[in-house]
Structure formats: C-alpha cells, structure tokens
C-alpha cells in the first residue's frame, strides 16, 4: 500500500516538473526585428484593446484604455518625435508600447507607406541616423503564430500547421542569437523566418499548442536541425550540399511522389537562342542546337552545353527560373530554347506541396517530418 502511494507521489512530482518545464518554455521570450529590409522613418501605432502601457522616454508614462486615435512616431536624427492627436509629446531616445496578453497593437509604417500588421507583446522603438528601428518582444509561442501565417498561410490541413509549428520552433531556438549584436534574436524577413505579426486564427493557435515544445534534432549529433523547406521539389528533393557548401545529415535527396501533381510541379520558360547564349556568354556560332539539348529524370548539378559545363543553380539565377531541376530543348525551326522545369525552390528539406498532400492522406506531423528529414528526432525542448 505504502509502495503504491510512493510510486503515485513520484509520478505526480515528475508530472509537476514536466509541467513547470512546459510553462517556462512556453513563456520564453524572443525579440524580433521588424521591417529590417526597409528604411522606415515614420510609424503609426494603434493600440487595440482594453489597456496599453506606453513609455515615452524616461519621463512620460501612460497606462489605460486605448481608442481609435493612433500615436505617430517619426525619426529625428537619433531621437524620436512622438505625436498624439497632432500634439507633440516630446523628442526622446526610445518609445515602448506594450499590450495586455489579450490585446494587441496595430503597427503601420507610414513613411514609406507599407501595409501594417497586428502585434502582441511589446514594441521597442529607437532611431539612428533618421531611421527607426523596431523590435517586437513576445513569447516564443505567440511569435510562431505570425511565422506560420507568413510561411504557409491559411486554409490548410491542421497537420500541416503542426509540421510548420515544429519546424519554426526549431528554427527559432537554433538561430536564437542570429542577430544578437543588433539587439534582437531574429528578423521578420526571409533571412530568418517570414513573420507577419499576430492573427487570431484557431488553426494556428491549436497547432502550436498541440506541438508545444516539440523540436527536431539531428540524430547523429543531437543538435537542433535546420528545417529547410521549399514549395515543390518536382518529385525529387535535393541534398543540401548540392545547393550550399555544408552537408546536413538529415537533408538527403529522396524521391517524392506526393508533390508531382502539385500546383508548382511543372513549369516552362522559353527564349530565343540568341538571348540564351548572350546571357551565358557563349558564342552562338560555335554551338549547334544538338549541343544544347539535355534530358534527365534525375536532378543534375551541372549541364553540358557544347564543350562547357554549367552549374544548374547558376543557370537558374541567370534566367530567374523557378528551380534548378530542368531539361533543355533547342528548336532549330523557331531558333528558340525551351526550358522544361520541375518544382519551385531550392528543393532541400521539406516539400510544402508534398507535405500538404501527405496530410490529406492522413499522415501525422511526425511521419511527414521524418519522411523529408532523414533520421531526425522529434523531441521536447527545454530551457537549459
């Protein structure tokens, strides 16, 4: 009897520690640099909800119910001019806006004019040389909501959102210090993960909750995996070293039949033979049509054109092709080149259209991830 009671208590204590670990992890904060690719000099901020805390420099503080009137902040050298209802509140070094957990802030660059987004948490704004720098500080799980919105969008199978929640969480922790010396952790651009603020969409929230703390580890050295992905692989994914210099154990080339009927599975590009040769600096007179025809069912790293070999990625960049997986055909009658391509993107890691199809066929999030990432472990991540 006593032994059963002791075992029950031990299990309860273990569950309690697990709960504490989950709670701490879900509350870990991340700092996101917003609109880093643009030189923003003026912003309108609309506090939305019941209460917003606003700190203007060190001397002006406001907490209270917000309304529909925005605050405007404008860069003035290394200072910020703050306005409310056309009244200038001051010129300060830093402004912060913080919403209640239930509320949010609508943030809209006005110079230059960009579409705005809703943001939860805190917005910290500074200025340097007439350019505003904004950081969004918020819990990691709330950040993932905006990443899933930016990277995969709406109206997908819930399992697809679970897949992206695990991938995006892994990225956030793996590259947590990517922008450390700029005062934030990650940016909101493709340089990190596309982050579009907060959107109240149950499917996003549910997927983040279901996968809470789950991340991908490389089974070889148990480091956090890099969740590389693309729109469509065209039926064969790419090994990482075929695109970049580094070899990732879990990004191996595999055959993928799930995406072959996807929207981006096939494409074509056509140009004149003269234009084609001009862009790759080859002499048109010395190469016949037969010398520039190429067919293969496999992914190729290089393609021979006459006596010269060209890297497929180089050709993709030169002609702005959708992928580096293609065949070439020269038509002597029209003196033109037809590029018949497959897939969209670099082809490394997870194929989004393939994953969407797998979810429709009732594969789980773990099964999808382990199909595209060779030998990864899906485990919980705890703060060290």
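The values are calculated or read from the model by the stated rules, or taken from the named source; none is laboratory data. Computed from a prediction, not measured in an experiment: that's the story for all the values here. A quick note on method: Cβ atoms are made from the backbone with ideal geometry, for glycine too, and the neighbour counts reach across all protein chains shown.
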Checklist line | Filtered residues of the stretch 143-173 (kept if surrounded by fewer than 22 Cβ atoms within 10 Å (Cβ to Cβ), in contact with a strand residue (DSSP E or B) (Cβ under 9 Å, 6 or more places away or on another chain) and at pLDDT 95 or above) | finding: 173
Margin query: As an exercise: evaluate residue 321 against (1) in a loop (DSSP other than H, G, I, E, B); (2) under 35 Å from the mean Cα position of the chain (by Cα); (3) at pLDDT below 95 and give the number of the one condition it does not meet.
Written below: (3)
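Suppose we filter 226, 241 for residues that are within 28 Å of residue 379 (Cβ to Cβ) and either out of contact with any helix residue (DSSP H, G or I) (no Cβ under 7 Å at 6 or more places or on another chain) or part of a strand (DSSP E or B) (or both); which single one remains?
Working: 226 fails: either out of contact with any helix residue (DSSP H, G or I) (no Cβ under 7 Å at 6 or more places or on another chain) or part of a strand (DSSP E or B) (or both).
That would be 241, the only listed residue that is within 28 Å of residue 379 (Cβ to Cβ) and either out of contact with any helix residue (DSSP H, G or I) (no Cβ under 7 Å at 6 or more places or on another chain) or part of a strand (DSSP E or B) (or both).
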Next item on the list: Would you check if there is a residue in the stretch 273-281 being in contact with a strand residue (DSSP E or B) (Cβ under 7 Å, 6 or more places away or on another chain) and under 19 Å from residue 344 (Cβ atoms)?
Entry: no
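For the stretch 140-152, how many residues are touching a helix residue (DSSP H, G or I) at 6+ places or on another chain (Cβ under 8 Å) and either part of a helix (DSSP H, G or I) or not assigned by TED's automatic domain parsing to the domain that holds residue 173 (or both)? Can you show your working first?
From the stretch 140-152, those touching a helix residue (DSSP H, G or I) at 6+ places or on another chain (Cβ under 8 Å) are 140-141, 143-145, 147-149, 151-152; that's our starting set.
Next cut, either part of a helix (DSSP H, G or I) or not assigned by TED's automatic domain parsing to the domain that holds residue 173 (or both) only: 140-141, 143-145, 147-149, 151.
Qualifying residue count for the region: 9.
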Next item on the list: For the stretch 55-75, enumerate the residues that are at pLDDT 85 or above and in a strand (DSSP E or B).
Entry: 55, 56, 71, 72, 73, 74, 75
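Return yes or no: is residue 330 crowded, with 18+ Cβ neighbours inside 10 Å and modelled with pLDDT under 95? Step through it out loud before you land on a result.
Details: crowded, with 18+ Cβ neighbours inside 10 Å: yes; modelled with pLDDT under 95: yes.
Yes: the conditions hold for residue 330.
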Next item on the list: Could you run through the stretch 90-136 and say how many residues are outside any loop (DSSP other than H, G, I, E, B), over 21 Å from the mean Cα position of the chain (by Cα) and within 19 Å of residue 205 (Cβ to Cβ)?
Entry: 3
Margin query: So for the stretch 295-311 (the condition being over 17 Å from residue 277 (Cβ atoms), at pLDDT 95 or above and not in a strand (DSSP E or B)), does at least one residue qualify?
Written below: no
Notebook entry, point to check: Would you call residue 376 at pLDDT 90 or above, crowded, with 20+ Cβ neighbours inside 10 Å and closer than 30 Å to residue 222 by Cβ?
Noted result: yes
Check: Which ones in the stretch 13-51 are farther than 22 Å from residue 194 by Cβ, modelled with pLDDT of 70 or more and part of a loop (DSSP other than H, G, I, E, B)?
Finding: 41, 49, 50, 51
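Hey, among the residues in the stretch 153-190 that are without any contact (Cβ under 8 Å) to a residue 12 or more places away in the chain and assigned to a loop (DSSP other than H, G, I, E, B), which one's farthest from residue 134 (Cα to Cα)? Can you show your working first?
In the first step, residues of the stretch 153-190 are kept if they are without any contact (Cβ under 8 Å) to a residue 12 or more places away in the chain; the result is 153, 155, 177, 180-181, 190.
Now drop any that are not assigned to a loop (DSSP other than H, G, I, E, B), which leaves 153, 155, 177, 190.
On the way: 153: 24, 155: 30, 177: 17, 190: 17 Å.
Per the stated criteria, the residue is 155.
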Next item on the list: Among residues belonging to the stretch 265-287 that are part of a loop (DSSP other than H, G, I, E, B) and without any contact (Cβ under 8 Å) to a residue 40 or more places away in the chain, point out the one that is farthest from residue 235 (Cα to Cα).
Entry: 283
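Yes or no: residue 296 outside the structural domain of residue 163 (by TED's automatic domain parsing) and touching a helix residue (DSSP H, G or I) at 6+ places or on another chain (Cβ under 6 Å)? Before you say what the answer is, go through the steps one by one.
Numbers: outside the structural domain of residue 163 (by TED's automatic domain parsing): yes; touching a helix residue (DSSP H, G or I) at 6+ places or on another chain (Cβ under 6 Å): no.
Criteria not met by residue 296.
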Checklist line | All positions within the stretch 255-312 that are closer than 23 Å to residue 368 by Cα and surrounded by 17 or more Cβ atoms within 10 Å (Cβ to Cβ) | finding: 256, 258, 259, 260, 262, 264, 265, 266, 299
Margin query: So if I check each of 377, 369, which one is assigned to a strand (DSSP E or B), closer than 22 Å to residue 254 by Cβ and within 23 Å of the chain's Cα centre (by Cα)?
Written below: 377
Next item on the list: Considering each residue of the stretch 193-212, count those that are buried (at least 20 other Cβ atoms within 10 Å of the Cβ) and touching a strand residue (DSSP E or B) at 6+ places or on another chain (Cβ under 7 Å), and give that number.
Entry: 4
Notebook entry, point to check: For residue 261, are the conditions met, namely being in contact with a strand residue (DSSP E or B) (Cβ under 6 Å, 6 or more places away or on another chain) and either at pLDDT 95 or above or in the same structural domain as residue 156 (by TED's automatic domain parsing) (or both)?
Noted result: no
Notebook entry, point to check: Can residue 204 be described as under 13 Å from residue 146 (Cα atoms), assigned to a loop (DSSP other than H, G, I, E, B) and touching a residue at least 12 places away in the same chain (Cβ under 8 Å)?
Noted result: no
